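Comments concern the structure below.
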Amino acid sequence: MKGKFSASLLSLACASCATAGTSFGGQWVYRQECRFGHVATLELQQKGSEISGIWGDGTRVRGESGLLKGSIKGRRAQVRFCSESSDDADHTCPSYGNEDAHLERKGDTLVWYRGADVYVTLHPGGVDKTVPIDDSDCAVEGEKTGFTVN
């Protein structure tokens, strides 16, 4: 009896492990601190193969936010966005745009693509979560940045 119970628990644990890596739900965050800084956040809800949520993307100078929705196939979610800003009537909520954008689960991260190019790699966020700072494309010391220091 003990062996059957252990085997049942093991099979339940393995089943949840198989789906854990493909879940899109939760809070996802990208942080960059150099130059003007850059923060991107996604707060996603997943119901079956559908995804929805809120997004924010900006710097210390300017930013945007809004809603998103899409559909999931495997580790990839095709998404469409609308903005809370009234700058572009075609994309102001509730009018979702037709951007070529998708999200893809890669290990413990969520990669946000614009077209075929990686835009940012997001990490799980929330209370008691430390989000790594990505300053990988920041100018190195001595590199020309277009700014003059007197």
I54: accessible area at probe 1.4 Å, nearest 10 Å²?
-> 90 Å²
Computed accessible area, L110, all protein chains, 1.4 angstrom probe, square angstrom | 0 Å²
Heavy-atom accessible area ranking, 1.4 Å probe, most first, across F36, F81 = F36, F81
What are the aspartates and glutamates whose alpha-carbon lies under 14 Å from the alpha-carbon of K69, with same-chain residues fewer than 8 places away excluded?
-> E43, E50, E99, D100
Gained length - S23 relative to S85, 0.36 nm times residue gap less alpha-carbon distance = 19.4 nm
With x for Gly and Pro, the residue-by-residue ³J(HN,Hα) of the range 43-50, computed from phi through the Karplus equation 6.51 cos²θ - 1.76 cosθ + 1.60 at θ = phi - 60° and given in whole Hz, is 10, 10, 10, 10, 10, x, 9, 9
Accessible area (Å², 1.4 Å probe, nearest 10) - V29 = 20 Å²
Find out how many positive minus negative residues lie around F36, taking Lys and Arg as positive, Asp and Glu as negative, among other residues whose Cβ is under 9 Å from that of F36.
-> +3
Kirkwood Rh, the range 21-150, all Cα pairs: how many Å?
-> 15.8 Å
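The values are calculated or read from the model by the stated rules, or taken from the named source; none is laboratory data. This structure is a prediction, so every number in the text was calculated from the model and none was measured. Ideal geometry is used to build each Cβ from the backbone, glycine not excepted, and the neighbour counts take in all protein chains shown. These accessible areas exclude ligands, DNA and RNA; they are computed on the full protein's heavy atoms, side chains included. Shrake-Rupley method; radii C 1.70, N 1.55, O 1.52, S 1.80 Å.
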